[in-house]
Amino acid sequence: MNELGERIRKLREQGGLSKAELARRVGVSDVTISYWENGTIKRVGHSRLEPLARALRCSIGHLLGNDQDAHGSSHTPMSSLPLYPLTPSPDAIGNDALPISHFPMGFIDNDLIKKDDYLLTPQRPERFDFCPPGTLILARKCARFDGNGLYLVEKNARLMVKRIEQDFNMTLNIFGDTGTRHPEERALGNTLVFHATIPALWPMKIMNF
């Protein structure tokens, strides 16, 4: 059974990548991608493993089927979510970002999870509103304002976690975690880059990154 090829195919499809796009990111031909997936080529060369894992947004161990939980069972995309370090740099969640781990979904209410959701945790010594060190953040990709709530947004090439509410004038009111009802600032939607909504937050004291 071609487990590696099947894993590559599933990760590619779950990431919404065509063979041609994956090939471009890895630096190979789309024929090579087909050969990997159908088992014609049974091993991926060491020099290609890192760019392949990066393009598929998983660890090399996960790609090779070596990630295991406490019970010894392999993590798969259906049983875990990628966990990324949250830093002020937008590169932290860019297409070339690599997860630091895969977090078992058994710790999270599956009813909360949707396709392409991912997890974040702030990296010390950085500080993000609403997310003290040790917070586990559920992020859901979005490209625009989608109702009042918490968002991961970018302004002036810096990532921020903010509560954003829209008023009757269609102006976005941006709040930090100071507890005041007065917004830190007001902005039109085109002054912010929206990366994700944040449906849920959890303290993650059992993990130390």
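Read the figures in this text as sums done on the coordinates, not as results from a lab. This is a predicted model, so every value here is computed, not measured. Glycine gets a Cβ as well: all are built from the backbone with ideal geometry, and neighbour counts include every protein chain shown.
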Cα pair count fraction exceeding 20 Å, expressed as % - the chain:
61 percent
Select from 160, 65, 86 the residue farthest towards the positive end of the dipole of the chain; place +1 on Cβ of Lys and Arg, -1 on Cβ of Asp and Glu, and compute about the Cα centre.
65
Run the dipole for the chain about the Cα centre, Lys and Arg Cβ at +1, Asp and Glu Cβ at -1, nothing else charged, and hand back the magnitude in debye, nearest 20.
380 debye
Taking the Cα centre of the stretch 80-203 as origin, sum charge times position over the Cβ atoms of Lys and Arg (+1) and Asp and Glu (-1), and report the length of that vector in debye to the nearest 20.
80 debye
Assign unit charges at the C-beta atoms only (+1 for Lys and Arg, -1 for Asp and Glu), then state the dipole size of the stretch 3-63 relative to its Cα centre in Debye, rounded to the nearest 20.
100 debye
The lysines whose Cα lies under 20 Å from the Cα of residue 162, excluding any fewer than 8 residues away in the same chain, are 141
log₁₀ I(q)/I(0) of the stretch 3-63 at q = 0.16, 0.20, 0.21, 0.24 Å⁻¹, via Debye over equal Cα point scatterers, no solvent, to two decimals?
-0.39, -0.64, -0.71, -0.98
Along the stretch 140-156, Karplus-curve 3J(HN,Hα) (6.51, -1.76, 1.60; θ = phi - 60°) to the nearest Hz, with x for Gly and Pro, reads 10, 4, 8, 10, 7, 4, 9, x, 4, x, 7, 9, 9, 10, 10, 9, 6
Quick one: which residues, 5+ away or cross-chain, put their amide H under 5 Å from the amide H of residue 80? H built at 1.01 Å from N.
105
Stretched fully, the stretch from residue 116 through residue 43 gains (0.36 nm per residue minus C-alpha distance, one decimal, in nm) 23.5 nm
Per DSSP helix of 4 or more residues, -39500 (n - 2.57); summed, then divided by the residues of the chain. What does that give at 222 nm, rounded to the nearest 500?
-5500 deg cm²/dmol
Where only C-alpha atoms are counted, convex hull volume of the stretch 80-203 per residue in Å³:
115 Å³
